[in-house]
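The values are calculated or read from the model by the stated rules, or taken from the named source; none is laboratory data. Keep in mind that what you see is a predicted model, and the values were worked out from it rather than measured. Cβ placement follows ideal geometry from the backbone for every residue including glycine, while neighbour counts extend to all protein chains displayed. Heads up: the accessible areas ignore ligands, DNA and RNA and are worked out on the full protein's heavy atoms, side chains in. Shrake-Rupley method; radii C 1.70, N 1.55, O 1.52, S 1.80 Å.
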Amino acid sequence: MSDMIKSIDYTTELPGGAHWSLRVRRGSIMRLTDIKGAANLGMLFYNPENLLERYNAPDTLKCQHTFKLTRGNCLYSDMGRIFASIVEDSLGWHETVAGNSHASHVESLWGTRDYQHDRNDWKQNGHDAFLVELAKYGLSAADLAANINWFSKVMVNDEGNLQLAADHSQAGDQVTLRFEMDTLVMMHTCPHPMNRSTDYPQSRVQIELGVAEAVQPDDYCMHFRAENTRGFQNNALYHIGIGE
């Protein structure tokens with residue numbers, strides 16, 4: 001068992017082109033594993049007590065002086081609080097700038113299929129996958145934000161254009177999140193918007209949920225950047241009067 005994980009209490013698998021959402025409690029661990037390689041897991045965060053507070057990709061990047069996400073990085077809300085910290089990562093690069101695939105993108109590359117005719121062999125896109133999950137909580141397209149794409153790497157090529165790195169994530173690669181506040185998590189395994197593979201991607205992701213070890217005063221994520229220390233202080237203020 002990892003030094004960051006006290007227990008793993010639930011395990012499930014999200015097949016390619018699927019979506020899911022759940023409320024994750026403060027002090028929980030979520031470990032994500034790319035099962036076959038070449039996975040993409042889109043993810044968004046919301047505060048279940050105030051759904052107007054959600055993940056803010058620009059603030060997450062600029063306050064930590066980075067273009068990528070990896071161990072040590074914290075994932076910020078637009079209120080300056082930390083939804084989760086990345087406590088373990090085997091890849092070293094996950095992106096949060098390219099957004100989602102759309103129905104037009106999927107149709108142009110892999111043709112049109114719908115659930116009514118093709119059932120689980122249909123071809124979902126990331127944008128619509130998020131909308132389905134958002135609707136369960138009374139949210140809509142107006143509530144979408146720039147999402148994280150776990151297991152995907154976007155870099156700048158020699159011409160100065162953004163490009164999806166091929167073969168970035170291999171089977172068995174993992175990233176582990178420790179949740180610093182109660183969080184409504186939305187996720188999907190639809191193709192990355194820059195994916196140009198011949199066939200519609202069907203990479204699966206394992207999701208393990210459990211309890212994190214307590215945050216220590218010398219916590220790596222807390223001190224990874226000066227802003228992270230202030231983010232943890234904002235969380236402490238938010239949680240005054242709430243029992244562990």
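Descriptive notes on the structure:
- Gly17 being closer than 23 Å to Gln124 by Cβ, open to solvent by less than 30 Å² (accessible area, probe 1.4 Å) and not in a strand (DSSP E or B): yes
- With respect to the stated conditions, Asp158 is free of Cβ contacts under 8 Å to residues at least 40 places away in the same chain and not small (Gly, Ala, Ser).
- Search result, residues across the range 186-195 that are touching a Leu at 6+ places or on another chain (Cβ under 7 Å) and either open to solvent by 60 Å² or more (accessible area, probe 1.4 Å) or not in a loop (DSSP other than H, G, I, E, B) (or both): Met186, Met187
- Strands (runs of 3 or more DSSP E) (entirely within the range 94-185) containing at least 3 residues that are buried (at least 17 other Cβ atoms within 10 Å of the Cβ) and at pLDDT 95 or above: 148-150, 174-179
- Residue count, the range 31-74 (criterion: buried (at least 24 other Cβ atoms within 10 Å of the Cβ) and in a strand (DSSP E or B)): 9
- Candidates Tyr220, Tyr200 - the one that is aromatic (Phe, Trp, Tyr), modelled with pLDDT of 95 or more and either part of a loop (DSSP other than H, G, I, E, B) or more than 21 Å from Asn73 (Cβ to Cβ) (or both): Tyr220
- Selected residue (criterion: most open to solvent (accessible area, probe 1.4 Å)) from residues of the range 223-244 that are part of a loop (DSSP other than H, G, I, E, B) and charged (D, E, K, R): Glu244
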